[in-house]
Amino acid sequence: MLPIIEASAVSFRYPDGHLALQDVSFHLHAGEKVALLGANGAGKSTLLLALNGILRAEGRIRVCGMELNDHNLPLIRARVGVIFQNPDD
């Protein structure tokens, strides 16, 4: 069974130089339940935004078997949503 989300060596650095993600790798299969925990500034939101292509991270991300790239971005965003804590966001 293929993972529904697969991340390999994902890294992201903000323009100010802050390294938010460094070599994050994991896979998630259908039916699994996970929690993403960490202190403020740990990179939780950055990771979720990278998984949806809102932030362009280095490394490899696959969603539902599709490589996250410009060609597949609309298809991936149709399947993956991000709900912000603040509804005004």
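The values are calculated or read from the model by the stated rules, or taken from the named source; none is laboratory data. Because the structure is predicted, anything quoted here is derived from the model rather than measured. Cβ placement follows ideal geometry from the backbone for every residue including glycine, while neighbour counts extend to all protein chains displayed. Only protein heavy atoms, including side chains, enter the accessible area calculation; ligands, DNA and RNA are left aside. Shrake-Rupley method; radii C 1.70, N 1.55, O 1.52, S 1.80 Å.
For region 34-48, take each phi angle, set θ = phi - 60°, evaluate the Karplus expression 6.51 cos²θ - 1.76 cosθ + 1.60, and give the result in whole Hz per residue in order, putting x for glycine and proline.
9, 10, 10, 10, x, 5, 4, x, 7, x, 4, 5, 4, 4, 5
What is the log10 of I(q)/I(0) for the chain, computed with the Debye formula using one identical point scatterer on each Cα and no solvent, at q = 0.11, 0.18, 0.19 Å⁻¹?
For the chain, the Cα-only Debye profile gives -0.31, -0.84, -0.94.
With every protein chain left in place, what is the accessible area per residue of the chain in square angstrom, probe 1.4 Å?
About 71 Å² of surface per residue is accessible.
Given a Förster radius of 22 Å and the C-beta distance between Phe26 and Asn86 as r, what FRET efficiency does 1/(1 + (r/R0)^6) yield to the nearest 0.05?
Between Phe26 and Asn86 the formula returns 0.25.
Given labels modelled 7 Å from the Cα in the Cβ direction, how far is it in nm from Leu2 to Glu58?
2.7
Show me the ranking of peptides 61-73, 21-33, 41-53 by mean Cβ neighbours inside 10 Å, starting with the highest.
The packing order, highest mean first, is 41-53, 61-73, 21-33.
Do you know the relative contact order of the chain, to the nearest whole percent, from alpha carbon pairs under 8 angstrom that are 6+ apart?
For the chain, the relative contact order is 31 percent.
Could you tell me what % of all Cα pairs in region 16-63 have separations over 12 Å?
Here the tail beyond 12 Å accounts for 69 percent of pairs.
Given a 1.4 Å probe and every protein chain left where it sits, what share in percent of the accessible area of the chain is carbon and sulfur?
Of the solvent-accessible surface of the chain, carbon and sulfur hold 54 percent.
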